[in-house]
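First comes the structure, then the notes that go with it.
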Amino acid sequence: MSRRMSPSQRGAALVIGMIMLVLITLMLITALNLSTTNFKSVGNMQFHEEAIAAANQAIEQVISSAFTTAPTAEDINVDIDNDTVTDYVVHIAQPQCVLATQAFGADPSSLTLPPSMSAASTWNTVWDIDATVNTTGGGNVGNAGARVHAGARVLLSESQKNSVCP
């Protein structure tokens, strides 16, 4: 016995199958877009963290120099991955002396020294160092930038303090 299908039901399975195929394709495309967006987001975070590391490296270079003798703005090239290609250019603004207080607490033995050599003639100075990072397009870095402020305390003589601190 053979059954005859009514004319209205012919091809219904094909139409439902095509609709399901389109829905599954849309779900896969959405999942792919979400995964690439997350990948880009993580990559941007990595580039931003590298930019902050470059700023910190440049700030350490400035602090280890005698920056208080003549504070000036400068640009420092940073190769973060040591491949001899400059990855970041860090602009260090002119370091600013923000606070100066007289250093006390001299050792008892130094009280017999002349005033120019005693602790009373030294000053604790606090400096603000501002670093702004931009990429150079070299190396394998994204388009990341960062701004980092750092503070440093430097012990200066009174004459040095008078020449660089307000």
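The values are calculated or read from the model by the stated rules, or taken from the named source; none is laboratory data. Quick caveat: nothing in here was measured; it's all calculated off a predicted structure.
General remarks:
- In segment 71-94, the residues that are among the aliphatic types (A, V, I, L, M) and at pLDDT 90 or above: A73, I76, V78, V89, V90, I92, A93
- Some residue of segment 50-58 being of a type in the set (V, I, T), more than 27 Å from V133 (Cα to Cα) and at pLDDT 90 or above: no
- Residue list for segment 49-84, restricted to those being closer than 18 Å to C97 by Cα and of a type in the set (A, V, I, L, M): I59, V62, I63, A66, A70, A73
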